[in-house]
Structure formats: structure tokens, C-alpha cells
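Written below as C-alpha cells is the structure these notes are about.
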Amino acid sequence: MKKILISGLINIETTVKVKKFPIEYFPIDYPFFGVNTRASGVAYNLAKALKTLGNDIKLITMTGNDFGAAYVTDMVQECGISTKYIKRTLKATPNSVILYDEEGKRQIYCDLKDVQDTAYEFEKELYEDCDIVIACNTNFNRELLRKAKEAGKLVATDVHVLSDVNDEYNRDFMKYADILFLSDENIKTDCKEFLAQIENRYENEIIVLGMGKKGALMYVKKEDEFYLLPAVKVGEVVNTVGAGDALFSSFIHYYAKGFAPLEALKRAEVFASYKIGFDGAANGFADEETVEKLSLENAF
């Protein structure tokens with residue numbers, strides 16, 4: 001069992017099933033069981049996924065001092081994760097609304113409240129006993145990145161949508177990450193060339209590009225090799241929200257267990273494919289036994 005520190009955003013998420021995009025105006029609709037509210041946010045999604053896979057999780061985040069905070073705290077405790085490091089220092093708990101259709105397309109509205117302007121004090125005791133530090137790309141983690149790297153910890157992050165290797169906001173996260181994840185959603189050039197530019201600029205050990213239906217592209221510095229994996233489908237797609245978090249968290253799990261990067265990514269694709277058969281970014285996480293069974297059934 002690995003001890004993993006996860007620091008980042010947690011919020012209340014409401015998902016709404018819509019008939020199609022674009023949405024035509026109408027005064028009211030009744031999508032029975034199509035509107036659901038739950039705890040979510042990248043840090044929560046990662047923590048719940050990695051806990052389900054059997055890891056010891058230390059979750060660091062901030063909320064407001066409101067009903068949303070109480071709900072989030074209850075959901076974290078329900079996952080078997082300590083709430084000791086959740087600080088109620090924000091003016092309000094972040095909120096998001098996600099519209100999605102039957103094809104898996106989604107439109108996200110994320111209200112971060114004042115999380116980007118609020119600091120978190122990272123004492124050495126928070127990370128010194130952890131095997132891996134996952135620092136989500138929120139502003140308050142910039143100090144954690146530096147301290148974790150100076151302490152010799154394996155640092156992982158996901159910068160999500162990126163179009164420029166010199167992106168000012170994400171520069172620190174790319175600079176300090178040993179393992180870097182991102183999406184292809186906003187890349188306008190050749191994907192291999194883009195990853196090569198990132199590695200040349202930041203010298204990351206492993207870079208993984210999630211490409212949705214097209215699979216995933218990975219660069220491994222130690223082998224100086226690119227790997228392109230096709231997407232795997234283990235069931236019907238219900239909602240693709242949270243697929244990237246699922247891919248990231250499960251890769252970290254298997255890599256930390258000693259799997260070679262390629263084998264870890266194969267299992268991560270299975271884990272993510274299983275997850276999108278469920279509604280909500282923090283629902284549908286498989287345990288190891290299920291992942292191994294599905295990996296054998298969908299070998300590639």
C-alpha cells in the first residue's frame with residue numbers, strides 16, 4: 001500500500017442530462033433521474049479513485065464554512081479518507097454544473113469561488129512520510145511543488161487542457177512534475193511533436209496525453225520512446241466527465257506498484273473506460289480485481 005498525498009480542488013458538482021447540444025431555449029424540462037448532485041473536484045476524484053484501488057490517502061483541500069462544506073466532509077469520510085487536512089478557509093465552497101448528452105459530450109460551468117486567491121500552509125509533516133505527491137494545478141499548490149521536489153518526492157500533476165508549452169499559469173506544474181498528464185483537446189499541432197517540446201523544455205520523466213476516443217499517447221524519458229495506445233471500450237458510455245482524472249489516478253496507482261509505464265497505462269485505460277459507464281466525475285471507480293478481469297478480456 002502506497003501513501004499518496006493529493007492536494008487540490010474539491011467542490012459540489014451537479015450534473016444535468018440534456019437532450020442535445022446546442023440547447024434550444026425552453027422554460028422547463030423534466031429529465032427524471034437526470035439531475036444529480038454530489039461531491040467532486042479533481043482532488044476528490046483522484047482521492048476516491050486511489051482509495052478504491054487500495055492506497056493510503058492524505059487529502060489536502062479547502063472549502064467554505066457552509067452546507068456544501070459539511071456535505072463534502074461527509075462524502076470524504078464515507079470514502080474512508082481523513083478530513084484532518086480540509087481547511088474551511090474559503091468564503092464559500094466551490095461549485096460546478098455539468099451538462100451532458102447521450103453521446104458523452106459535455107459543457108462545464110465551474111465556480112471556483114476564492115480558492116485561487118487563498119493560500120494553504122504546507123508544513124514538512126504533510127509530505128515527508130508520503131511516497132508520491134499529487135499536486136493538482138491550483139494556485140495554492142505552487143509552494144507544495146517546490147517543497148516536495150526539494151524533499152526528493154515523486155511529483156505528479158495533470159495540467160488538463162494546454163495549447164502552449166510555455167503556458168504561464170501551468171509553467172510551475174510542468175517544471176516540477178516527474179509524471180505529467182494533459183489532454184489533447186486544445187493542441188493544434190502534431191501531438192508527438194507537442195510532447196517532445198514539453199520534455200525538451202521541462203525534462204519530465206513520463207508524459208501522458210489523454211486523447212479520448214483516440215486512446216492515449218505516452219512519452220517515457222528513460223526509454224526515449226513514444227507509445228500510442230488505442231482506446232479500449234469495456235461497456236456503454238454514460239458520461240465522460242472525470243475520464244481524465246480516472247486515467248491519471250489509476251496510472252499513478254499501477255506505476256507506484258512497480259508496473260512498467262506501458263503496462264500501467266494499459267490498466268489505466270481499462271479503469272477509465274469502466275468509469276465512464278457511470279454518471280458523475282467521482283462515480284464508477286473499479287477495484288483492482290475488476291481492472292485485472294477487464295484487462296484480460298480486453299487485451300491489447
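Report, in debye and to the nearest 20, how large the dipole of the chain comes out about its Cα centre when Lys and Arg carry +1 and Asp and Glu carry -1 on their Cβ.
260
Pairs of lysines 8 or more apart, or on different chains, with alpha carbons under 12 Å: count those in the stretch 1-134, would you?
Summing the qualifying lysine pairs gives 10.
For the chain, modelled as a GNM with alpha-carbon contacts under 10 angstrom, which of Ala92, Ala49, Ala246 fluctuates the most?
Among Ala92, Ala49, Ala246, the largest mean-square fluctuation in the Gaussian network model of the chain belongs to Ala92.
Within the stretch 68-102, list the trypsin sites (Lys or Arg not before Pro) lying in a DSSP loop whose Cβ has at most 10 other Cβ atoms in a 10 Å radius.
Sites meeting the loop and neighbour criteria: Lys84.
Less than 19 Å from a label point 7 Å out along the Cα-to-Cβ axis of Ala70: which backbone N atoms in the stretch 1-37 qualify, by residue?
Within reach of a label on Ala70: 11-13, 37.
Enter the Cα centre distance for the pair the stretch 222-300 and the stretch 24-45, rounded to the nearest angstrom.
Between the Cα centres of the stretch 222-300 and the stretch 24-45 lies a distance of 25 Å.
Please state the charge dipole magnitude for the stretch 1-46, taken about the Cα centre, from unit charges on C-beta atoms (+1 on K and R, -1 on D and E), reported in debye and rounded to the nearest 20.
300
Candidates [x] 0.91; [y] 0.96; [z] 1.11; which is the computed Cα Rg over 2.2 N^0.38 Å?
It is the one labelled [y].
When ranked by the protection proxy of mean other Cβ atoms within 10 Å per residue, highest first, what sequence do the peptides 65-71, 287-293 form?
Order by mean packing, descending: 65-71, 287-293.
With springs only between Cα atoms under 10 Å apart, run a GNM on the chain and tell me which of Ile206, Ile57, Ile28 wobbles the most.
Ile28
Where the centre of each part is set by its Cα atoms, how far does the stretch 95-145 sit from the stretch 197-217, in angstrom?
Centre-to-centre distance over Cα atoms comes out at 20 Å.
Using a Gaussian network model of the chain whose springs link C-alpha atoms within less than 10 Å, name the residue from Phe26, Phe181, Phe271 with the highest mean-square fluctuation.
Phe26
Ignoring everything except DSSP H segments at least 4 long, calculate the 222 nm mean residue ellipticity for the chain; use -39,500 (n - 2.57) per segment, divide by total residues, nearest 500.
Per the formula, -9000 deg cm²/dmol.
Sorted by packing (mean other beta-carbon atoms within 10 Å per residue), highest first, where do 135-141, 260-266 land?
135-141, 260-266
Taking a probe of 1.4 Å, how large is the accessible area per residue of the chain, in Å²?
47
In whole percent, how big is the carbon plus sulfur part of the accessible area of the stretch 67-113, probe 1.4 Å, protein atoms only?
51
The values are calculated or read from the model by the stated rules, or taken from the named source; none is laboratory data. Model, not experiment: these values are computed from the prediction. No Cβ is skipped: glycine too gets one built from the backbone with ideal geometry, and neighbour counts run over all protein chains shown. What goes into the accessible areas is simple: the full protein's heavy atoms, side chains included, and nothing from ligands, DNA or RNA. Shrake-Rupley method; radii C 1.70, N 1.55, O 1.52, S 1.80 Å.
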